[in-house]
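Before any comments, here is the structure.
Throughout, read-outs are computed from the coordinates displayed, never taken from laboratory work. Everything numeric here is computed off the predicted structure, so don't read it as measured data. Glycine also receives a Cβ, built like all others from the backbone with ideal geometry; neighbour counts cover every protein chain displayed.
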Amino acid sequence: MTAKESTVRQRKPTKADPADTETVTPTKLESTVTPAEETPKKAAKKSRKVRSRIEEDDETTPWLDVVRVISFLFVVSCGLSYLITNGESWFWGFKDRPDILQTSWWKQKYQAPTYMTLEELAAYDGSDPDKPVYLSIDGNIYDVSKGRHIYGPGGSYHWFAGVDASRGFVTGCFSTDRNGDLRGVEDMFLPLDNPDIDSKYWTAEELEKKRAVELKEAHRRVRAAVDNWAKFFHKSKKYHFVAKLQREPGWEGPLKPLCKHAQDGREFRKPPGAENEE
């Protein structure tokens with residue numbers, strides 16, 4: 001064998017010696033999950049936690065809202081109480097409640113008018129502290145309880161309570177004219193006859209016509225006086241309407257004389273040109 005052949009043979013790959021081969025020992029496989037795969041899992045887990053927390057908050061939030069609303073209404077109520085009672089109370093602790101807080105006021109606003117007889121009206125003269133005080137003017141009954149110190153027992157106008165004292169409102173005779181009979185009241189506005197003076201200025205026929213004009217004017221003044229008082233109570237923010245007065249035919253009774261106070265206020269007929277002089 002030549003040297004060349006020997007060299008070629010040596011270039012042939014030789015089998016590796018098992019002893020020289022590095023032994024690879026199986027080891028525990030590490031996680032092959034990449035960060036890109038791991039992020040969605042964490043996000044989903046975090047989302048579940050957030051959703052759970054929101055659900056817990058939703059369970060408690062309504063109660064918190066209720067407390068907030070109640071607290072707000074309480075503060076508003078105190079403020080309104082202070083304003084409406086003119087600083088008297090923060091908690092609606094006042095004696096005379098405004099009309100809008102009284103059921104009777106709302107009833108008379110939206111219900112047909114009720115009726116009371118004179119006998120029923122008499123029970124509301126203020127003698128019973130547990131009942132309201134009523135008075136009637138021109139057949140309309142008003143609650144004047146807010147003026148109990150005036151219309152109740154001992155008050156300067158207590159004569160008007162529990163009755164229709166339209167006559168007394170005109171004549172000024174509070175104690176005697178506690179009724180609504182207006183017949184004869186016009187006399188207080190009629191001038192007295194004075195034959196010595198009248199005969200100088202008018203003939204009998206002229207005087208008769210003048211008396212007719214004076215009577216018409218007297219009736220007008222009576223009606224105007226009643227209407228003026230009726231308007232006062234009707235438009236009052238302090239007193240309010242409660243019922244109509246129901247009266248039987250002939251309730252007026254006998255014709256009543258003009259009371260002394262009204263009679264004493266009458267004057268003699270004035271000569272022409274002096275009627276408007278004070």
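Tabulated data for the structure shown
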| quantity | calculated |
| --- | --- |
| Out-of-range pairs (alpha-carbon distance over 32 Å; input LYS209/LYS235; LYS244/LYS270; LYS216/LYS260; LYS209/LYS260; LYS210/LYS244; LYS235/LYS270) | LYS209/LYS235; LYS244/LYS270; LYS210/LYS244; LYS235/LYS270 |
| Neighbour net charge for LEU215 - beta-carbon separation under 12 angstrom, K R +1, D E -1 | +1 |
| Ordering of 211-218, 136-143, 119-126 by burial proxy (mean other Cβ atoms within 10 Å per residue, highest first) | 136-143, 119-126, 211-218 |
| Cα-Cα pairs of region 99-264 separated by more than 25 Å (percent) | 40 |
| When region 200-278 is reduced to its Cα atoms, the Kirkwood hydrodynamic radius in Å | 16.8 |
